[in-house]
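Chemist: Could you have a look at this structure, given as C-alpha cells, before my questions?
The values are calculated or read from the model by the stated rules, or taken from the named source; none is laboratory data. From a predicted model like this one, the values you see are computed outputs, not experimental measurements. Ideal geometry is used to build each Cβ from the backbone, glycine not excepted, and the neighbour counts take in all protein chains shown.
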Protein chains: 2
Amino acid sequence: MDYITDPRAIESKSMDIIDGLLGPLPISEGERKVIKRVVHTTGDPEFAKLVRWSDGAVSTGITALARGASVYTDVNMVRVGVNSRLLAGKGADAVCAISEPRVIAEAQRTGKTRAMTAFELLAPEMDGAVIAIGNAPTALFHLLSMVKEGRCRPALIVGTPVGFVGAAESKEALTEADVPFITVRGNKGGSTVAAAIVNAMLLQMP
Amino acid sequence: MDYITDPRAIESKSMDIIDGLLGPLPISEGERKVIKRVVHTTGDPEFAKLVRWSDGAVSTGITALARGASVYTDVNMVRVGVNSRLLAGKGADAVCAISEPRVIAEAQRTGKTRAMTAFELLAPEMDGAVIAIGNAPTALFHLLSMVKEGRCRPALIVGTPVGFVGAAESKEALTEADVPFITVRGNKGGSTVAAAIVNAMLLQMP
C-alpha cells in the first residue's frame, strides 16, 4: 500500500484539492481559511455553502485569541479538538465543565442538559472568551438567553450544534443575536466542525 | 425561545425523526441502530447510504465489548467521544497514545504521522480489542499492514478516516482486509462518526 505519511504534505495536498473544489469566493483570505478547514475536517464540500458569520467575525475571533482569550466548549470532543498548543502559547486554555461533579449534580437536580448547566455555572468567567458549541442546541439557546440578559459578553460564539431536534433553530437564533458569530446553516455541524473553525483562527494569529 | 431541555426526550425525538427518514432497510435491528446513531451524530442522512460492514461485524463488536474489550483510537477526539462509563462497566477503557511523549519523539525521528506511530507502539496490546480510527488514513493503512503481517489481531476495526488525501482509499483497503470491519465509503467520516459507531454497539451490550 502506497500512501503519503508526512503530515505536512498530507495537509498541504488536502488544502490544494479543497482550493480547487471551492474556486473563487467573494470573501477575505482569512475567511476562506475558515471554510477550507471545515471542508478539510468533514470531507464534505457542501459545508462551504453552509458557513455563515457576522461581519468581521473571523477577524474578531483571531484578535481575541491573539490577546489570550480562552475557548469554552460545550463538550469534551470540542475541547480536545482545539489546538491547545497554540492556545497555551498565548497563556490561554480550552475549558469544558460538562464532566465536573457540580455540573452533573445540578443537571440531575433540574433535569436540564449537562451542557446548558455547564454554561450557566461558567457564565461569570466567559466575558471576552471565544465560546465553541459543537453539539448541544440547548447549550446554545441558553447561552443566547444569557447574552440577551447581559449576564455574559463573549468575544465570539462559534455555534455548530448538530441534529434534527433544535439544532437548525438554535443556529438561526444565533444569527439574530447581538453578538459576533460563526455558524453553519441546517442540521449538519458537530464537534469537529466547531473545533475546525476555532483552529482556523488560531492558525492565523499574528 | 422554546425548546426541549430533557436530554432523553431530545434523543428519543431525534431517533424517531431518523427512523422516518430512513424507512425500512433490509438489515438487523442492531445494524439499524448503528446507522441511526451515525445519522444522529452528523445530522446528515446521506451517511445511511455510505455505511458498510463485513458480515456479522456489528454483532462481533457488541460481543467483544460485552466481554470487556478496550477501544483503541487514533485521536483524542474519538477517545473522549466514546462512552467511557459503559466501557468502565465492563472493566474496559478507551485508549489513545497520540499525545504520549514516546510517540511524539518517535514520530519526529521518523517523519511519520503520530497516529500511525502510536498504533505501531501499541500493537502488542491490541489483540482482541476494538480499534476506532476516525481521522488518520495513515493510521488505518499502517494498522492493516500490521494485521496482514499477523502482528495484531483486533476483534473489530471501525475505520472512518475523513478527507481528500488517502481517506477513501484507506477505507476501501479496510473492506478488502481479512478482519471484521465497519466503515463508511468516500471522503466523509471523522471522529464523531467513529465514536458514534462504537457507542451504538456499547449501548447494545447485554
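Chemist: Using the structure shown, decide if A:S12 is more than 14 Å from chain B (Cβ to nearest Cβ), out of contact with any strand residue (DSSP E or B) (no Cβ under 7 Å at 6 or more places or on another chain), without any contact (Cβ under 8 Å) to a residue 60 or more places away in the chain and of a type in the set (S, T, Y).
Modeler: Details: more than 14 Å from chain B (Cβ to nearest Cβ): no; out of contact with any strand residue (DSSP E or B) (no Cβ under 7 Å at 6 or more places or on another chain): yes; without any contact (Cβ under 8 Å) to a residue 60 or more places away in the chain: yes; of a type in the set (S, T, Y): yes.
No.
Chemist: Which condition from (1) small (G, A, S); (2) closer than 25 Å to A:M126 by Cβ; (3) within 14 Å of chain B (Cβ to nearest Cβ); (4) in contact (Cβ under 8 Å) with a residue 24 or more places away in the chain is the one that A:A48 breaks?
Modeler: So the condition that A:A48 fails would be (2).
Chemist: Across the stretch B:16-57, what is the total count of residues that are of a type in the set (S, T, Y) and touching a Ser or Thr at 6+ places or on another chain (Cβ under 7 Å)? Steps first, please.
Modeler: Quick first cut of the stretch B:16-57, residues of a type in the set (S, T, Y) only: B:28, B:41-42, B:54.
Cutting the leftovers down to touching a Ser or Thr at 6+ places or on another chain (Cβ under 7 Å) gives us B:41-42.
Residues flagged as of a type in the set (S, T, Y) and touching a Ser or Thr at 6+ places or on another chain (Cβ under 7 Å) within the stretch B:16-57 amount to 2.
Chemist: Tell me the helices (runs of 4 or more DSSP H) entirely within the stretch B:55-113 that contain at least 1 residues that are over 16 Å from B:A123 (Cα atoms), away from chain A (no Cβ under 14 Å) and small (G, A, S).
Modeler: Working: elements: B:57-66, B:76-81, B:84-88, B:101-110.
The helices (runs of 4 or more DSSP H) meeting that bar are B:57-66, B:101-110.
Chemist: Taking only the stretch B:135-167 into account, find how many residues are touching a Lys or Arg at 6+ places or on another chain (Cβ under 6 Å) and on the phi > 0 side of the Ramachandran plot.
Modeler: Number satisfying all stated conditions: 0.
Chemist: Which one of these does A:P24 not meet: (1) free of Cβ contacts under 8 Å to residues at least 24 places away in the same chain; (2) surrounded by fewer than 20 Cβ atoms within 10 Å (Cβ to Cβ); (3) within 14 Å of chain B (Cβ to nearest Cβ)?
Modeler: A:P24 satisfies every listed condition except (3).
Chemist: State the number of residues belonging to the stretch B:123-146 that are crowded, with 20+ Cβ neighbours inside 10 Å, more than 9 Å from chain A (Cβ to nearest Cβ) and at pLDDT 95 or above.
Modeler: So the answer is 8.
Chemist: Would you please name the residue that is surrounded by the most Cβ atoms within 10 Å (Cβ to Cβ), looking only at residues in the stretch A:27-51 that are out of contact with any helix residue (DSSP H, G or I) (no Cβ under 6 Å at 6 or more places or on another chain) and either at pLDDT below 95 or outside any loop (DSSP other than H, G, I, E, B) (or both)?
Modeler: A:T42
Chemist: For the stretch B:1-21, which residues satisfy the criterion of being within 24 Å of the chain's Cα centre (by Cα) and exposed (fewer than 14 other Cβ atoms within 10 Å of the Cβ)? Break it down stepwise before answering.
Modeler: Just the residues of the stretch B:1-21 that are within 24 Å of the chain's Cα centre (by Cα), to begin with: B:7-8, B:10-12, B:14-19, B:21.
Answer for the stretch B:1-21, where residues must be within 24 Å of the chain's Cα centre (by Cα) and exposed (fewer than 14 other Cβ atoms within 10 Å of the Cβ): B:R8, B:S12, B:D16, B:D19, B:L21.
Chemist: I'm trying to understand the selection: among the residues of the stretch B:153-174, which are more than 10 Å from every other protein chain (Cβ to nearest Cβ) and over 18 Å from B:Y72 (Cα atoms)?
Modeler: Of everything in the stretch B:153-174, just one residue is more than 10 Å from every other protein chain (Cβ to nearest Cβ) and over 18 Å from B:Y72 (Cα atoms), namely B:E172.
Chemist: If you don't mind, another one. Please verify whether A:F181 is of a type in the set (F, W, Y) and in contact (Cβ under 8 Å) with a residue 60 or more places away in the chain, treating the condition exactly as stated. Explain how you work it out, then say what you get.
Modeler: On the way: of a type in the set (F, W, Y): yes; in contact (Cβ under 8 Å) with a residue 60 or more places away in the chain: yes.
Yes, satisfied.
Chemist: Six or more apart or on different chains, Cβ atoms under 7 Å: show the pairs whose first residue is in the stretch B:110-126 and farther than 16 Å from B:N76 by Cα and whose second is of a type in the set (F, W, Y) and modelled with pLDDT of 90 or more.
Modeler: B:M126/B:Y72
Chemist: For the stretch A:175-206, which positions are within 11 Å of chain B (Cβ to nearest Cβ) and in a helix (DSSP H, G or I)?
Modeler: A:S191, A:T192, A:V193, A:A194, A:A195, A:A196
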